[in-house]
Amino acid sequence: HSQTSLSLLNFGQNVIFTAGLTTIMYLTAKDMVAGTATVGDLVLVNGLLFQLSVPLNFIGGIYREVQQAFVDMDAMFGLRDTKPALKDSPNAVEYNPAKDGTAIEFDEVEFAYSISPKDSKSKSKESNTSVATTTKRPILRGTTFTVPQGKTFAIVGTSGCGKSTILRLLYRFYAPDNGTMRIGGKDISTYTTDSLRRAMAVVPQDVVLFNDTIGYNIHYGNLDASWDEVVEAAKKSHLHDTIQRLPNGYDTLVGERGLKLSGGEKQRVSLARAILKKSPILLCDEPTSSLDSHTELEIMNNLKEIGKDTTCIIIAHRLSTIQDCDEIVVMGRGRVIEQGTHDELMRKGGRYKELVAFQRSQTEYSPGEQEPINI
Ligand code: ATP
């Protein structure tokens, strides 16, 4: 609409201007022929009309900007009017990690995603005529585990078994249908969402970056941190050297949603952000899945260092990265099917041992069969 009305405005302006110019030139030329006007008068009239047209074009520009501002304001108010799915209870209190503690408990947590009819693309006759109802897709079916304060806890399991859902529930994107999630011994719904989120740093599976400099994107993790701390966080996430090699260093623009960075670089920006936030609870969803084995190992060592005073939950598919974790949980069909340290689970010889054996067989190098590739 904005573009159409602007085009109409420009068209109208040009019609008026051209018609005006033609008429006034004609009238002045007539006066010249009659001897009542000079050539100077003709130039004066022409110049005056051009002078008038400049502010007229200016009005067009302003009109366009005002229209655009209305469109943006509409989007902004629409966003502000969005009601959050979860509201804090009126009695919710501020979460204070130092006082309340950071141990995390899942007690028989059940959760199902709601699939509303508009999520379905089915165009069949039956679906058009049947009464549209929201269906539930159960993901967690009584998940129970405890992460003691200051410990590093790993969750492993097949793709789609609900590992990321656990982090989403902890971050209060959703509330469980049944069961209780506790932090510091208290149900997390008794805390304000804002104070809970402030105490958690998340390294998500899909990293969202702003179309700004790489330095700003790291700094975003904690805008109160000093520049030295930003550089320190970049070093801990093994990003500093990569940034140094970029033409504009920390001032390099990352592009829309970070498309100018590789998957591994984006992941390290996200790690650096989480490190900078210095939260007492760290949630990592496959934080090193796009990295080479060497960088992955070094980052995991750094995470271990950072995780000393932090309660940390790491989701990982490459089991070699989580062997040193204090506790490992194996998820299957929405429940915890095994739990223990790496050694305990290996001794037990269950699903975890199977997964480890399978991954080892995939990565093992047999001399003579294949030469290692030097990159
Ligand atoms: P992966 O290891 O592949 O990341 P995951 O164990 O982390 O998998 P989740 O992301 O927790 O898996 O998703 C569990 C299941 O829930 C998946 O089958 C997924 O399709 C479904 N799911 C995830 N988010 C939604 C949503 N918003 N609405 C409906 N279903 C969802």
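The values are calculated or read from the model by the stated rules, or taken from the named source; none is laboratory data. All of these numbers come straight from a predicted model, not from anything done at the bench. All Cβ positions, glycine included, derive from the backbone under ideal geometry; neighbour counts span all protein chains shown.
Does S270 satisfy the condition of being surrounded by 15 or more Cβ atoms within 10 Å (Cβ to Cβ) and of a type in the set (G, A, S)? For S270, the condition - surrounded by 15 or more Cβ atoms within 10 Å (Cβ to Cβ) and of a type in the set (G, A, S) - is met. Identify all residues within the range 298-316 that are touching a Ser or Thr at 6+ places or on another chain (Cβ under 8 Å) and loosely packed, with under 14 Cβ neighbours inside 10 Å; write none if there are none. Within the range 298-316, K304 is the sole residue that qualifies.
Scanning the range 91-102 for residues that are surrounded by 11 or more Cβ atoms within 10 Å (Cβ to Cβ) and in contact with a Pro (Cβ under 6 Å, 6 or more places away or on another chain) turns up at least one hit. Evaluated against (1) part of a helix (DSSP H, G or I); (2) in contact with a helix residue (DSSP H, G or I) (Cβ under 6 Å, 6 or more places away or on another chain), K308 falls short on exactly one condition, (2).
Would you please name the residue that is modelled with the lowest pLDDT, looking only at residues in the range 296-329 that are of a type in the set (A, V, I, L, M, F, W, C) and away from the ligand (no atom under 16 Å from the Cβ)? Here the residue is I306. Residues in the range 220-264 that are assigned to a helix (DSSP H, G or I) and closer than 15 Å to I306 by Cβ: E229, E232, A233, A234, K235, K236.
For the range 317-331, which positions are touching a strand residue (DSSP E or B) at 6+ places or on another chain (Cβ under 6 Å) and either crowded, with 16+ Cβ neighbours inside 10 Å or closer than 18 Å to V109 by Cβ (or both)?
In the first step, residues of the range 317-331 are kept if they are touching a strand residue (DSSP E or B) at 6+ places or on another chain (Cβ under 6 Å); the result is 322, 325-331.
Across the range 317-331, the qualifying residues are I322, C325, E327, I328, V329, V330, M331.
Can you find a residue that is closer than 30 Å to R137 by Cα, within 16 Å of the ligand (Cβ to nearest atom) and in a strand (DSSP E or B) anywhere in the range 341-356? No.
Pick from the range 83-114 the residues that are β-branched (V, I, T) and away from the ligand (no atom under 16 Å from the Cβ): which of them is farthest from the chain's Cα centre (by Cα)? Let's see the steps before the verdict.
Kept after step one, since they are β-branched (V, I, T), are these residues of the range 83-114: 93, 102, 104, 109.
Narrowing the set further to residues that are away from the ligand (no atom under 16 Å from the Cβ) leaves 93, 102, 104.
On the way: V93: 27, T102: 24, I104: 24 Å.
Per the stated criteria, the residue is V93.
Among the candidates D212, D241, D228, D206, single out the residue that is without any contact (Cβ under 8 Å) to a residue 60 or more places away in the chain and within 16 Å of the ligand (Cβ to nearest atom).
Numbers: D212 fails: within 16 Å of the ligand (Cβ to nearest atom); D241 fails: within 16 Å of the ligand (Cβ to nearest atom); D228 fails: within 16 Å of the ligand (Cβ to nearest atom).
Of the residues listed, the single one that is without any contact (Cβ under 8 Å) to a residue 60 or more places away in the chain and within 16 Å of the ligand (Cβ to nearest atom) is D206.
If you go through the range 231-254 and pick out every residue that is hydrophobic (A, V, I, L, M, F, W, C), crowded, with 19+ Cβ neighbours inside 10 Å and over 20 Å from M200 (Cβ atoms), you end up with 4.
The C-beta contact set for the range 252-274 (first residue farther than 19 Å from L223 by Cα and hydrophobic (A, V, I, L, M, F, W, C), second residue in a loop (DSSP other than H, G, I, E, B) and modelled with pLDDT of 85 or more, distance under 7 angstrom, 6+ apart or interchain) comprises L261/V254.
Could you list, in sequence order, the residues of the range 136-180 that are surrounded by fewer than 20 Cβ atoms within 10 Å (Cβ to Cβ), more than 9 Å from the ligand (Cβ to nearest atom) and part of a strand (DSSP E or B)? Of everything in the range 136-180, those that are surrounded by fewer than 20 Cβ atoms within 10 Å (Cβ to Cβ), more than 9 Å from the ligand (Cβ to nearest atom) and part of a strand (DSSP E or B) turn out to be K136, P138, R141, G142, T144, F145, T146, N178, G179, T180. Residue selection: G78 fails the criterion of being on the phi > 0 side of the Ramachandran plot, small (G, A, S) and away from the ligand (no atom under 16 Å from the Cβ).
Against the definition (modelled with pLDDT of 85 or more, among the hydroxyl-bearing types (S, T, Y), surrounded by 12 or more Cβ atoms within 10 Å (Cβ to Cβ) and part of a helix (DSSP H, G or I)), how does T22 come out, yes or no? Spelling it out, it is not the case that T22 is modelled with pLDDT of 85 or more, among the hydroxyl-bearing types (S, T, Y), surrounded by 12 or more Cβ atoms within 10 Å (Cβ to Cβ) and part of a helix (DSSP H, G or I).
Look at (1) more than 16 Å from the ligand (Cβ to nearest atom); (2) at pLDDT below 90 and you find that A199 fails only one, number (2).
On the given criteria, is M25 over 30 Å from T193 (Cα atoms) and touching a Ser or Thr at 6+ places or on another chain (Cβ under 8 Å)?
No, not satisfied.
Going through the range 267-305 one residue at a time, which ones are part of a helix (DSSP H, G or I) and under 19 Å from the mean Cα position of the chain (by Cα)? Show your work before the answer.
Start the filter on the range 267-305 by keeping residues that are part of a helix (DSSP H, G or I), which leaves 267-277, 293-305.
Answer for the range 267-305, where residues must be part of a helix (DSSP H, G or I) and under 19 Å from the mean Cα position of the chain (by Cα): Q267, R268, V269, S270, L271, A272, R273, A274, I275, L276, K277.
Does A112 satisfy the condition of being closer than 30 Å to G12 by Cβ, of a type in the set (G, A, S) and either at pLDDT 90 or above or in contact with a strand residue (DSSP E or B) (Cβ under 8 Å, 6 or more places away or on another chain) (or both)? So A112 does not fit the description; no.
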